[in-house]
Amino acid sequence: MTMMTRTAAAVALAMTATQALASTVTVVVRGVRSDAGEIGCALFSSGDGFPMKTGKATMQWHAARREGVSCRFENVRPGTYAVAVSHDLNGNRRTDTNFVGIPREDWGVSRGARPSLRAPRFDEASFTVAGDAPQQITVTVAR
């Protein structure tokens, strides 16, 4: 084998091993009160922006359905994650809040974290993705 062939084989092997460790995270959203608007699912890999600032999260949007919505995140690497979900009724793709920051639209996070006087922290909502075992997370949205 030439040096270039060996390097290409090593890269291919490393990519295959990394892909084998990737998992699928399915977020099942319950408690949707109407078919109006969209359900947004945000998968956070750190506390940066969690739960409301989704700029660094992996996002998905789906039409709201009372019977529930599922968001499927593929190729999720092993690590610690948290999910934030919002029922966007007015089409601005964010969770609207009142003047003191309390959400006016239904929301939820993984592990059911729901402190009474503040937003949930990443560590309160986090879960571990290990290996290639699929994960199913259920989030109930409420106001």
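In this structure, does Gly49 turn out to be free of Cβ contacts under 8 Å to residues at least 60 places away in the same chain and not polar (S, T, N, Q)? Outline the logic, then answer.
Values: free of Cβ contacts under 8 Å to residues at least 60 places away in the same chain: yes; not polar (S, T, N, Q): yes.
It is true that Gly49 is free of Cβ contacts under 8 Å to residues at least 60 places away in the same chain and not polar (S, T, N, Q).
Here is a list: Thr16, Thr24. Which entry is within 20 Å of Asp132 (Cα to Cα), of a type in the set (S, T, N, Q) and modelled with pLDDT of 95 or more?
Result: Thr24 is the single residue among Thr16, Thr24 that is within 20 Å of Asp132 (Cα to Cα), of a type in the set (S, T, N, Q) and modelled with pLDDT of 95 or more.
Hand me the list of strands (runs of 3 or more DSSP E) wholly inside segment 30-143 holding 1 or more residues that are of a type in the set (Lys, Arg) and modelled with pLDDT of 95 or more. If you could, list the steps in order and put the result at the bottom.
Values: elements: 38-44, 58-63, 69-76, 79-88, 107-109, 127-129, 135-140.
The strands (runs of 3 or more DSSP E) meeting that bar are 69-76.
Applying the selection to segment 72-99, what residues are closer than 19 Å to Gln136 by Cα and among the charged types (D, E, K, R)? It would help to see each step written out before you state the result.
First, the residues of segment 72-99 that are closer than 19 Å to Gln136 by Cα: 72-86.
Result: Arg72, Glu74, Arg77.
Under 7 Å between Cβ atoms, at least 6 apart or on separate chains: pull out the pairs that start in segment 110-133 with a residue that is more than 14 Å from Ala84 (Cβ to Cβ) and end on any residue that is assigned to a loop (DSSP other than H, G, I, E, B) and of a type outside the set (Asp, Glu).
Val129/Pro78; Ala130/Pro78; Gly131/Pro78; Asp132/Ala22
Of everything in segment 53-65, what is over 22 Å from Arg121 (Cβ atoms) and crowded, with 20+ Cβ neighbours inside 10 Å? Give them in sequence order. Outline the logic, then answer.
In the first step, residues of segment 53-65 are kept if they are over 22 Å from Arg121 (Cβ atoms); the result is 60-65.
Listed by number, the list holds a single entry, Ala64.
Could you tell me which numbered condition Glu124 fails, if it satisfies all but one of (1) out of contact with any helix residue (DSSP H, G or I) (no Cβ under 8 Å at 6 or more places or on another chain); (2) under 18 Å from Ile137 (Cβ atoms); (3) of a type in the set (D, E, K, R); (4) surrounded by 13 or more Cβ atoms within 10 Å (Cβ to Cβ)?
Of (1) out of contact with any helix residue (DSSP H, G or I) (no Cβ under 8 Å at 6 or more places or on another chain); (2) under 18 Å from Ile137 (Cβ atoms); (3) of a type in the set (D, E, K, R); (4) surrounded by 13 or more Cβ atoms within 10 Å (Cβ to Cβ), only one is false for Glu124: (1).
Rundown of residues vs (1) among the hydrophobic types (A, V, I, L, M, F, W, C); (2) exposed (fewer than 13 other Cβ atoms within 10 Å of the Cβ); (3) at negative phi, yes/no style:
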site	(1), (2), (3)
Glu38	no, no, yes
Ser46	no, no, yes
Glu67	no, yes, yes
Tyr81	no, no, yes
Phe99	yes, yes, yes
Arg111	no, no, no
Gln135	no, no, yes
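The values are calculated or read from the model by the stated rules, or taken from the named source; none is laboratory data. Treat the numbers as computed from the prediction; the structure is a model and nothing was measured. Glycine gets a Cβ as well: all are built from the backbone with ideal geometry, and neighbour counts include every protein chain shown.
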